[in-house]
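**Student:** Please see the structure below; I have some questions.
Read-outs throughout are calculated quantities, based only on the coordinates presented, and are distinct from any laboratory measurement. All values reported here derive from a predicted model rather than from experimental measurement. No Cβ is skipped: glycine too gets one built from the backbone with ideal geometry, and neighbour counts run over all protein chains shown.
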Amino acid sequence: MIEVNELTKRYGDTTAVRNLTFQVRPGHVTGFLGPNGAGKTTTLRMLLGLIGPTGGSATIGGQPFRRHPRGLRHVGALLDAGDVHGGRSARAHLEALARSNRIPRSRVDEVLEEVGLAGAAARRRVDGFSLGMRQRLGIATALLGEPPVLLFDEPLNGLDPEGVLWVRELFRGLAAEGRTVFVSSHLMSEMEHTADELIVIGRGELIAAESVAAFAARGTRPTVTVRTPDLAQLTAVLSEEGAAVAPYDDRTLKVTGLSAARIGELALHHRILLEELTPQAASLEAAFMELTAESTEFLAGDAR
Amino acid sequence: MTTLALTPAPAPPAARFTDLLAAEWIKLRSLRSTYWALGAGALAVIGFNANAARVHTHDYPRYNPQMRSIAWELALRDAFTNGSALILILAAASIGAITVVGEYSTGLIRTTLAAVPDRRALMAAKVVVVTAVMTLYGAFVATASFASTQAILTTRHAAVSITHFGALRVVVASALLAPVCALAGMALGALIRHSASTMVAVTAVLLLVPGFITDRYRWTAAVRHAMPVNAWTRLTGIAYGQDPFTRVPRYGATVTGSWVVLGAWAVVSAVIVVVAVDRRDV
């Protein structure tokens, strides 16, 4: 169980995280979503006690993480796949971490096996690893202590499609064992098939904390695409009914505020020919874009 | 991954400091750069000392009786030369600095602190391991230098034994230079946390600045004597005050004071390492 309460972090005039409050429950994969610069990494670092909050609290299992003398059996974390010393082998890296937490060496072999880095790869210096291999090493680090809580910051970056599938299965398995799995991402499409629950933030503030299904339904107003040769008349009829009508091309309209059935009824009543009538399913991606549109820190074209 | 249910979670084993020592030892010995730095440093230090003895051996027949009468002073000077001391200071401080800065510059520090949230214990373990390794290293380098230089000088019967007045002090003071400067490097690394800047600071603080401070005034002399390299110079200057060829400064350094200086640098540096890492965000 992760509890974040009124969490705030300011750097000078910049507020990276503002009054953030949410809980992450065990037994689920919870996605932590937000555009770049939304404050996800800052929040995760505060959870791990790496940086101190300006205000509020972040606890894991009811305790600030820094209270624990050793961490690996309480929380497993992959913050950045690059957070290793390139001069060490994967095995030496894991052995040092395991030893510091009195985790037996056999566990190092187990996790190396589990993430697919056993054998020659484990003996290679991390310098020569691809991003995908580093992600696997980071995941191995998180799994070392078999912790009840796992944090992953953008774990899918750099993984091939097979790797992405593997990670999804792994996360589901960890959640099914009753663990708390908290996974950040800036891509909704990644979370759509990975997470059950979502915490969405933008510009350091909470936007939504609910199930994936509820989020999808909430975000997007359903749209209906209508194709007709009689664009003008249909626009007039639908507008009269209170719908928002936006022309898409010279024969197509995007209608919001009316169901497809009602549009068909009105068209029949006014003897307007319809060539296409397609309700648009609510998409998670669209919901995310819509909800975070105002809170995007860096828009394309902005000077960074 | 085990498929057993999570509850009841086994109580984690008690946190032991020795585990942290073992982990830091694994980290130090699993880096190839550690061996390169230690090896190159040792070769340079021992090599320069041996070369000084070789030169003196070569020139010995041309020495007049007065110089031959102080041959034991030359022998002790060759046992650990100024140049070698500077190399040892730089090598030891760099190795110490890298053990801290290497964590920050690679980002490893975040992984380390997520595994060991008790930062004071973590850094204390690092301090203990580096101090132990560098003390052994210093002892080896100083002993090997003494043995090789005296072996060379023996050919002219100009060597001294370790029981000779001052010989042990030269060896011990030179050996201690390694852990003291390694700790100073760690402290600067913990404060600066950036590779290149730390190296510049190490060179400036330990090598450049001491040479620029005069002992003409009481307070500057006090500062000068408080630098590790000057403490070493005083401790290894066995004929200090008795040598007819060198001037004794008005505000001279004492042997006891110089031992204290080396100890104080070690202790203060260790405290800085532990406190600086504990206090700051990463």
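**Student:** Not counting the cut sites, what is the longest span of chain B without trypsin sites (Lys or Arg not before Pro) that DSSP labels loop and that have at most 15 other Cβ atoms within 10 Å?
**Tutor:** By the stated rule (loop sites, at most 15 other Cβ atoms within 10 Å), B:17-215.
**Student:** Taking the Cα centre of the protein assembly as shown as origin, work out the dipole magnitude from +1 charges on Lys and Arg Cβ and -1 charges on Asp and Glu Cβ, in debye rounded to 20.
**Tutor:** Details: 56 positive and 48 negative charges, 744 e Å.
Taking the Cα centre of the protein assembly as shown as origin, the dipole is about 3580 debye.
**Student:** Going through the DSSP H helices of chain A, which span 24 Å or more along their own axis at the Cα atoms while scoring at least -1.0 as a mean Kyte-Doolittle hydropathy?
**Tutor:** Working: long enough: none.
Helices meeting the criterion: none.
**Student:** Still on this structure, I have one more. Just want the answer: with Cβ charges of +1 for Lys and Arg and -1 for Asp and Glu, which residue in A:Gln63, A:Val212, B:Ser258 is farthest toward the dipole's positive end in the protein assembly as shown?
**Tutor:** Value: B:Ser258.
**Student:** Using only alpha carbon pairs under 8 Å that are at least six residues apart, calculate the relative contact order of segment B:60-174 and give it in whole percent.
**Tutor:** Working: 56 pairs, mean separation 53.7, N = 115.
Taking the mean separation of contacting Cα pairs over the length of segment B:60-174, I get 47 percent.
**Student:** Fewest Cβ neighbours within 10 Å first, please rank A:His186, A:His270 accordingly. Present the calculation step by step, with values, prior to reporting the outcome.
**Tutor:** Details: A:His186 18, A:His270 13.
Least to most surrounded, the residues fall as A:His270, A:His186.
**Student:** Setting aside same-chain residues fewer than 8 positions from B:Lys27, which lysines have a Cα under 16 Å from its Cα?
**Tutor:** Here the lysines satisfying the reach criterion relative to B:Lys27 are B:Lys126.
**Student:** Next question. How big, in percent, is the set of alpha carbon pairs in segment A:222-279 lying more than 17 Å apart? All intermediate terms of the calculation are to be shown ahead of the outcome.
**Tutor:** Details: 306 of 1653 pairs.
Roughly 19 percent, once rounded to a whole number.
**Student:** Using helices alone, what [θ] at 222 nm do you get for chain A, with -39,500 (n - 2.57) per DSSP H run of 4 or more residues, divided over all residues and rounded to the nearest 500? Mind showing how you got there, number by number?
**Tutor:** Details: 11 runs with 105 residues, N = 304.
Counting only the DSSP helices, I get -10000 deg cm²/dmol.
**Student:** Which of these, A:Ile263, A:Ile199, A:Ile60, has the largest mean-square fluctuation under a Gaussian network model of chain A (Cα springs below 10 Å)?
**Tutor:** A:Ile263
**Student:** Can you give the local net charge around B:Arg250? Use residues other than it whose beta-carbon is closer than 10 angstrom to its beta-carbon, Lys and Arg +1, Asp and Glu -1.
**Tutor:** Details: positive: B:Arg216, B:Arg218, B:Arg247; negative: B:Asp215.
Once all neighbours under 10 Å are counted, the net charge is +2.
**Student:** Identify all lysines with a Cα-Cα distance to A:Lys40 below 24 Å; exclude those on the same chain that are fewer than 8 residues away in sequence.
**Tutor:** Output for A:Lys40: A:Lys9.
**Student:** Any idea what the dipole of chain A comes to, in debye rounded to 20, about its Cα centre with Lys/Arg Cβ at +1 and Asp/Glu Cβ at -1? List each step's numbers first, then the result.
**Tutor:** Values: 33 positive and 37 negative charges, 332 e Å.
Once rounded to the nearest 20, the dipole reads 1600 debye.
**Student:** Where in chain B is the longest stretch that carries no chymotrypsin sites (Phe, Trp or Tyr not before Pro) classed as loop by DSSP and with at most 16 other Cβ atoms within 10 Å? Mind showing how you got there, number by number?
**Tutor:** Numbers: sites that count: B:Tyr63, B:Phe165, B:Tyr217, B:Phe245, B:Tyr251.
The segment B:64-164 is the longest one with no such site.
**Student:** Sticking with this structure for a sec: Averaged over B:103-113, how many beta carbons belonging to a partner chain fall within 10 Å of each residue's beta carbon? Walk me through the numbers before you get to the answer.
**Tutor:** Details: counts 2, 0, 1, 8, 7, 10, 3, 10, 15, 6, 7.
Per-residue shielding by partner chains comes out at 6.
**Student:** Continuing with this model, one more query. Just check segment B:114-245 against the gyration tensor rule for me: Cα atoms, a ≥ b ≥ c as the square roots of the eigenvalues, rounded for a/c under 1.5, and otherwise prolate or oblate depending on whether a/b exceeds b/c. Can you show the working numbers first?
**Tutor:** Working: a/c = 2.70, a/b = 1.45, b/c = 1.87.
Oblate shape, in that a/c is at least 1.5 and b/c is the bigger or equal ratio.
**Student:** Work out from phi, with θ = phi - 60° and the Karplus expression 6.51 cos²θ - 1.76 cosθ + 1.60, the ³J(HN,Hα) of each residue of segment B:62-74, listed in order in whole Hz, and give x for Gly and Pro.
**Tutor:** Per-residue couplings from phi come out as 8, 5, 7, x, 4, 5, 5, 5, 10, 4, 5, 5, 4 Hz.
**Student:** Looking only at other chains, what is the average number of their beta-carbon atoms within 10 angstrom of each beta-carbon in B:115-123?
**Tutor:** Numbers: counts 17, 8, 13, 6, 2, 0, 3, 3, 0.
That works out to 6 on average.
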